[in-house]
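Input: a single structure, listed below in structure tokens.
The values are calculated or read from the model by the stated rules, or taken from the named source; none is laboratory data. This one's a predicted model, so the numbers in the text were calculated from it and none came from an experiment. All Cβ positions, glycine included, derive from the backbone under ideal geometry; neighbour counts span all protein chains shown.
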Amino acid sequence: MDDFLQSKRLYLRKLIASDAGKLFLYRSDPDVSRYQGWAPASESAALHFIEDQSKIEPGTAGQWFQLAICLRTDDALIGDLGLHFPADDDRQAEFGISLDPAHQGQGYADETLRATMSYLFNTLGKHRVFCSVDPRNAASVAMARRLGMRKEAHFVRSLWFKDEWVDDVIFGLLKSDWCRLEKA
């Protein structure tokens with residue numbers, strides 16, 4: 001598999017060994033890793049993660065699969081997108097996204113997720129797409145709302161994360177809602 005998915009300015013592909021340095025740099029940035037469950041401790045740890053990811057096929061039930069987000073103009077790695085298809089219900093998909101701070105605020109996350117949602121709903125026929133967000137992460141909350149996602153739940157201090165109890169907000173979007181948004 002070469003390009004997994006394309007949009008106007010971006011393409012998504014499997015992470016490759018040469019991505020390790022860049023992946024380590026932005027994923028270990030405190031502003032990026034603050035709300036992330038995984039931050040590599042070293043470039044070697046990022047490479048090990050990529051090697052583990054190479055053994056997983058996209059769409060494997062119960063597994064998270066990270067894809068590289070790259071610029072079409074110069075093939076630069078600018079972030080990664082995680083997809084998860086719950087083992088107990090493959091009609092749904094969960095996502096998480098991380099962008100290099102140098103590429104934030106330019107619409108790349110929205111563009112990536114619009115292309116991803118189109119693929120999940122229109123190609124794979126998923127019924128629902130959702131994400132879990134720390135409500136203190138204002139940028140991610142705003143992004144979910146821009147994408148037309150609805151706030152489905154707010155769990156108060158429900159997750160033990162980085163040595164503290166944190167809230168968890170679930171945003172979701174149904175295929176029927178996506179179809180209406182695409183036509184608008």
**Item:** Segments classed as strands (runs of 3 or more DSSP E), wholly inside region 100-184, with at least 3 members that are in contact with a strand residue (DSSP E or B) (Cβ under 7 Å, 6 or more places away or on another chain) and either among the aliphatic types (A, V, I, L, M) or at pLDDT below 95 (or both)
**Value:** 150-161, 164-174
**Message:** Regarding region 54-61, can at least one residue be identified that is farther than 21 Å from Phe161 by Cα, among the charged types (D, E, K, R) and touching a residue at least 24 places away in the same chain (Cβ under 8 Å)?
**Reply:** no
**Message:** What pairs come out if I take residues in region 80-104 that are free of Cβ contacts under 8 Å to residues at least 12 places away in the same chain and of a type outside the set (A, V, I, L, M) and pair them with residues that are surrounded by fewer than 20 Cβ atoms within 10 Å (Cβ to Cβ) and assigned to a loop (DSSP other than H, G, I, E, B) whose C-beta lies under 9 Å away, six or more apart or interchain?
**Reply:** Asp88/Gly62; Asp89/His127
**Request:** State the number of residues belonging to region 52-86 that are assigned to a loop (DSSP other than H, G, I, E, B) and crowded, with 19+ Cβ neighbours inside 10 Å.
**Result:** 0
**Request:** Look through region 23-51, keep the residues that are assigned to a loop (DSSP other than H, G, I, E, B) and of a type in the set (Gly, Ala, Ser), and return whichever of them is nearest to Asp134 (Cα to Cα).
**Result:** Gly37
**Fill in**
Pairing a residue in region 26-47 that is over 20 Å from His103 (Cα atoms) with any residue that is of a type outside the set (Asp, Glu) and surrounded by fewer than 16 Cβ atoms within 10 Å (Cβ to Cβ), where Cβ atoms lie under 7 Å and the two sit 6 or more apart in sequence or on different chains, gives Glu43/Gly21; Leu47/Ala17
**Request:** Looking for whichever is acidic (Asp, Glu), within 23 Å of Leu25 (Cα to Cα) and out of contact with any Gly (no Cβ under 7 Å at 6 or more places or on another chain) here; the options are Glu182, Glu164, Glu111, Glu94. Which one fits?
**Result:** Glu111
**Item:** Number of positions in region 146-184 that are more than 18 Å from the chain's Cα centre (by Cα) and among the hydrophobic types (A, V, I, L, M, F, W, C)
**Value:** 11
**Prompt:** Looking at (1) buried (at least 16 other Cβ atoms within 10 Å of the Cβ); (2) modelled with pLDDT under 95, can you tell me which one Leu47 breaks?
**Reply:** (2)
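Residues checked against (1) acidic (Asp, Glu); (2) surrounded by 14 or more Cβ atoms within 10 Å (Cβ to Cβ); (3) closer than 21 Å to Arg9 by Cβ:
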| residue | (1), (2), (3) |
| --- | --- |
| Ala93 | no, yes, no |
| Tyr108 | no, yes, yes |
| Glu111 | yes, yes, yes |
| Cys131 | no, yes, no |
| Asp134 | yes, yes, no |
| His154 | no, no, no |
| Leu174 | no, yes, no |
